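Heads up, the thing below is written out as structure tokens.
Please treat every number below as a calculation from the coordinates, not as lab data. Everything numeric in this text was worked out from a predicted model, so none of it was measured. Neighbour counts are summed over all protein chains in view; Cβ atoms, including those assigned to glycine, are modelled from backbone coordinates with ideal geometry.
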Amino acid sequence: MNWSREFSNTELFYLLSFLAIYLIYFVRIYFISKKLKASANSSFLKFIIRGLYFGALSLALLGPSFGITEIEARSTAKDIYVAFDISQSMNAIDVAPTRLEKAKSEILGLLEQFKSDKIGLIIFNSEAQLIVPLTYDHESLKSSISGLKTSLLGTGSSDLNPVFELIIDKFSSAKYPNNHIKNCLIVTDGEFFEKPDIQLINQLKAQKINITIYAVGTQIGSKIPQFDKFKKDKNGVEVNTMLDIKQIAEISKKTNGKYFVVNNQKNEISGLIENILAIKSSELDINQQTVTYNKYSYFLLVALVLIIIDFLLTVNVLKI
């Protein structure tokens, strides 16, 4: 028989303390019954019963296991690049507190659903830059996401082509098996001033890179805070930035992907998570593992029967 765990020193201390106290209690009952010239046989029987079910409960806590078998274990995972749009329009306040801050908060929560997957971080506006390579170190990744600001890449406008080029390059440079699953989640407000290159889209399809867009903003839009004023165009007119849902829908269609929206009235983060989870994971490794069966329930059953007997058994300390 094997055990899945051991008692810690603290647990042993409390266990032995309880046994010592109960033993003192039983000895006290025994001597009282002797002074009263009564039989202590029933108390002695209860002491044995309680000792047995207490021992059975203790053994159940240790996770007793026996019986060996072999199972086929498959190691699966996803590779996901998260690409954050950090153009100036992501500072818009039509989504509280800003588009960028709202997106960061939602993506940080999303990471909790993909703890076993490798995730990388890309930032972009008119250029794209890899900030965190694919990694299992999600704490470091969270720290990088929390520190994102629209000033990290200058003042360029949003363009998806640099993102597509970068992820194609990163997935191409690594030696992946044919069945490896490749994903890119793009977080953006959809104000693209350059149309996606059809050749890049074809390469995405050829490499089977799944594209998902998380669109943040509203179609009513808002102004863009800049210092203590609002951003103006070259003619001195305050800029109003709007979520371009039509363009996002077109890009999703061309890349055979999907898009999900977040703003103050609507949040499709659950649909986004379900969509990524639904994408089949890559089978990284297949091996045989030897496992044993945890039989703690047998010991619990024995303890339950003994507890019932203890409850039904009466003790006569003094007969009149």
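Miscellaneous remarks
- For peptides 235-241, 164-170, 200-206, sequence by mean Cβ density within 10 Å, most packed first: 164-170, 200-206, 235-241
- Here the Karplus relation 6.51 cos²θ - 1.76 cosθ + 1.60, evaluated at θ = phi - 60°, turns the backbone of the range 244-257 into coupling constants of 8, 5, 5, 5, 5, 5, 5, 5, 4, 5, 5, 8, 6, x Hz, with x for every Gly and Pro.
- Estimated at 0.36 nm per residue, the fully extended path between Lys175 and Phe13 surpasses their Cα-Cα distance by 52.9 nm.
- Amide H contacts for Lys231 (H built 1.01 Å from N in the peptide plane; partners 5 or more residues away or on another chain; cut-off under 5 Å): Ile224, Gln226, Val239.
- Within the straight-line cut-off of under 21 Å between alpha carbons, the lysines reachable from Lys266 are Lys102, Lys104, Lys223, Lys246, Lys258, sequence neighbours fewer than 8 places apart in one chain being disregarded.
- Calculated FRET value between Ile245 and Glu139, using beta carbons and R₀ = 45 Å, to 0.05: 0.85
- Using the Cβ of Asp189 as centre and a radius below 12 Å, the other residues enclosed give a net charge of -2, where K and R count +1 and D and E count -1.
- Placing pseudo-labels 7 Å out from each Cα toward the beta carbon at Lys195 and Ile24 gives an inter-label distance of 8.8 nm.
- Extension gain (nm, one decimal) between Ile309 and Ile220, 0.36 nm per residue minus Cα-Cα: 24.8 nm
- Annotation: amide H of Val261 within the under-5 Å range of Ala215, Glu268, sequence separation 5 or more or interchain, hydrogens built in the peptide plane.
- Charge tally around Leu121: other residues with Cβ under 14 Å, Lys/Arg +1 each, Asp/Glu -1 each, net 0.
- Working ranking of peptides 243-253, 80-90 by packing, defined as the average number of other Cβ atoms within 10 Å per residue, highest first, is 80-90, 243-253.
- For Ala83, residues with placed amide H under 5 Å, excluding near neighbours: Ile122, Leu185, Ile186, Val187
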